[in-house]
1. Can you list the helices (runs of 4 or more DSSP H) found entirely within the stretch B:87-188 that contain at least 3 residues being within 14 Å of chain A (Cβ to nearest Cβ)?
2. Quick one: count up the residues across the stretch A:134-167 that are farther than 17 Å from A:Phe243 by Cβ, free of Cβ contacts under 8 Å to residues at least 24 places away in the same chain and among the hydrophobic types (A, V, I, L, M, F, W, C).
3. Look through B:Gly500, B:Gly452 and report the one residue that is in contact with a strand residue (DSSP E or B) (Cβ under 8 Å, 6 or more places away or on another chain) and surrounded by fewer than 20 Cβ atoms within 10 Å (Cβ to Cβ).
4. Go through the stretch A:100-124 and give me each residue that's more than 8 Å from chain B (Cβ to nearest Cβ) and closer than 18 Å to A:Val55 by Cβ.
5. Which one of these is under 30 Å from B:Glu355 (Cβ atoms), part of a helix (DSSP H, G or I) and at pLDDT below 90: A:Ser110, A:Ser74, A:Ser92?
6. Show the residue pairs meeting these rules: Cβ distance below 6 Å; 6+ apart or different chains; first residue within the stretch B:234-257 and facing chain A (nearest Cβ under 8 Å); second residue of a type in the set (Val, Ile, Thr) and assigned to a helix (DSSP H, G or I).
7. Of the residues that sit in the stretch B:128-143 and are within 28 Å of the chain's Cα centre (by Cα) and β-branched (Val, Ile, Thr), which one is surrounded by the fewest Cβ atoms within 10 Å (Cβ to Cβ)?
8. If I ask for residues that are of a type in the set (Ser, Thr, Tyr) and more than 18 Å from B:Ala15 (Cα to Cα), which ones from the stretch B:504-531 would you list?
Amino acid sequence: MENGMKRLLSFAALIGLVISTPVLAEYGLNFPEPATPVATEIKDIHNLTMIISTVLLVIVFTIVFYSLFTHRKSRGFEPDQEFHKGTFGKWSWVLVPVTVLGVDLTIADSAQSVLEKVWIAPNEEMIEIKVVGHQWWWEFVYLTEGGVKVESRILSKKDLADRGQPENLYLRAVDNHLKLPVGKNVKFLHTSDDVLHAFWVPALGMKKDAIPGYIQETWIDGIYKEGIYRGQCAEMCGTKHAFMPIVVEAVSEQAFATWIAEKKVARDKAIAEANSNKTWTKDELMAKGKTSYDKKCAACHKVDGSGGGPFPKLAGSPMATTGSIADHMNIVLKGKGVMPAWASSMDDLELAAVVTYERNAWGNDTGDVIQPKDVKASR
Amino acid sequence: MSTADVAHDDHHHGAPTGWRRWVFSTNHKDIGTMYLIFAFCMLIFGGLMAMAIRAELIFPGMQLLSPDVYNNIVTNHALVMIFGAVMPAAAGMANWMIPLMIGAPDMALPRLNNLSFWLLPIAAFTLVTSMLAPYLLDFGTVDTGVNTGWTIYPPLSAKVGASMDFLIFTIHVLGISSILAAINIIVTILNLRAPGMTMMKMPLFVWTWLVTAFLLILVMPVLAGGVTMLLFDRHFGTSFFDAAGGGDPVLFQHLFWFFGHPEVYVLLLPSIGVLGMVIPTFSRKPLFGKTSLVISMAILMVLGLIVWAHHQYTIGMSLGTVTYFMIGTILISIPVGLMVFNFIATMWRGAMTFETPMLFAIGIILMFTFGGLTGVMLAVIPADMQYHDSMFVVAHFHYALIPGALYGLYAGVFFWLPKWTGRMYDEKLGKLFFWTNVGGFNLTFFPQHFLGLAGMPRRIIDYNVAFTEFNVMSSIGSFIFGISHILMLYIIIKCVKGQGEKATDQVWEGAKGLEWQLPSPPPFHTWATAPTVK
């Protein structure tokens, strides 16, 4: 809010000045700078329709204001009772629709080629990324890069401070970026795990809804240059709809390949660990559980398990203390009402760790230890 | 209001007295008045919710509301304004004016009329129950309140608690009320016209209501069917909209917008009808191109029924389908353009004066044209993928609906207030109301176009600091816009209390038509003997 006030004051000061183009650009009066050729074409279409609309608006305003100043009783203007009976009156019902139709067809025609281009991805090899919307985070799976997976969650103001990033990025910054190589075609396959979401990064110039049970495609034809492009969820998805930003980071092809390779190594290590059949100690599970809980569960249930609003308190709740482990596990796996199901987005080890943590943290102290094989059995 | 003059009614029974007069009323004027009072209460309720939204958004950060309460208010603001304020106000004017304009003694089905009004307070009660359900009622599940937006898309709406069931019930009651009112209006117009009042001689307001009533009957049942399927999904184990059970979440969107798009014209057309009365009156010149206006309306109705999916360009339809919806949508500019043109041509070479109704009428022509043009921009799919679900859309439909629907009703209120109450309203205050209202409206919604283009989605409770300036402007505008309505209430109360100059029968110098031949205010029963129209 303080930051907002500062910007507001600077803005107020600006109003007094002659408004120059760079200043306007800062305050976002039009689409942001397009990051791809297709986005550029989309912006051109937008500018064209905006110019046509503005011209029409000026014409209408001119005619109306001329009439308002001329044809008024106070100036002694005598009403022309026969006006609608003249040639103009007889034929205007043809003239006006034909003129409007001409404008309409101009607009539709100029949009058609761009529409065809954005709507269907060309049938050629390109990087394919599955974009899965969750309440309230994004999952990106690099299908053509060995299924490398990125989970992307909002950074709180505290997270930003911890990472040394400026606070004014709040609501537009996430922990893990969606990395893309510059100059490459990329196809996105959109779907959702729970309710509707929409992946929207304005600079990329496209948007489609993430719908459970559907897979939809969009594509971009090569990001011009390296950089960060920010966006956020654009389809109402419940309580934390405002809190699921998207950050695309365009990097060089080289850097992208290195990053993918690192991701693969990390993933293989995690899979090996989860499948090791080892019996985990309570302390190990608690440590793992805390990491996962703070990242994935604390957004709603709070770091101290106190909940709030529609989100139930976990500290001392019967579900996580006296209730059975099976019921507890069931809610985490399958969800309940507002609570999303986690079965598909956490592996057995992580689920075992989270449930163990919830049953022992914040004074819950049940002493229960859940092993990955228990999770497998209750899936 | 019309109790004072019942002297004409000696051949008939007079107005009943006390509460019975209102609760059991079958009189079109009393029911019209009740509709208008109900609509004004809902306007204030919906307006307060709008101001709460803007107060929350005035600065980045969450200052007043929690996310679910905010989402719930966003949802109910829309529902209350559409179903509580605009539709009942238009129905109230139809009740009052249609019988007077066509020379009918009352509406054709007076008891049905009573029922269709009294369903509204019931619906309002269940709607408020829906809002309060998360706090008052415990059904053993977590209830976030209806946090889905007025479009109540599943799967999100399937996850909401009991408050959604109350909302579904509310929608059913409102639907029944609208359909009954529509039937009544159609029957009245087709059967009770005075001798000589041919269809093409009917005033434009009557014509617009005839088309509106048909639209309502065509689309309300579709919404009712959609929400019933939703109710079944929620409680009776069906999966119409659940992909996991073989259903389709997108199906609901098609059903909703098959209702939702024509609904825009339901809101708009009665106000266009008011324009068709106001502009000729204050231009002192007949309506230009009445036949083409009526035909445009019929075309608008048909087109309106077949372009719904332009609200859902982002659901991934085939290229052929979206191309059809894009072209269909752009074509709507033809009948709408012709309507706007005809109104401007009515003003052209007239002798205009600028009383409050005329000011609103001119405001509609200018601002609605603007809202219509952003509508054409939105129809163009590649660009719409950027606008969709952004603040640009919010700005667009408020520019279409506030001038298009609400200002038409305001014009109607000031135009007919002297006829209804028998007193002229305070013209100076009326003009002051117009300028503060229009100023506040533009300050509220114009900056939202820029917010949307820059990338601010709609329905978010908190936003990045980059969006601050325009949100501050918008919020300040909304407070001016909202508070100006106190002035409107004051002006109306003054007339109702009988303060102000006495109105003549004709009221306005340029006014023509049967309704202006009656006394102001008209007696309790009018046109007991039908007039003959030449």
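1. In the stretch B:87-188, the matching helices (runs of 4 or more DSSP H) lie at B:110-136, B:156-159.
2. Total satisfying the criteria: 2.
3. Working: B:Gly452 fails: surrounded by fewer than 20 Cβ atoms within 10 Å (Cβ to Cβ).
When all the criteria are applied, what remains is B:Gly500.
4. Result: A:Gly102, A:Leu105, A:Thr106, A:Asp109, A:Ser110.
5. Every option except A:Ser92 fails the conditions.
6. Short answer, once both residue conditions are applied: B:Val250/B:Ile315.
7. Taking the candidates together, the pick is B:Val128.
8. B:Thr504, B:Thr529
The values are calculated or read from the model by the stated rules, or taken from the named source; none is laboratory data. Please read all numbers here as calculations on a predicted model, not as lab measurements. As a convention, Cβ positions derive from the backbone with ideal geometry for all residues, glycine included, and neighbour counts pool all protein chains shown.
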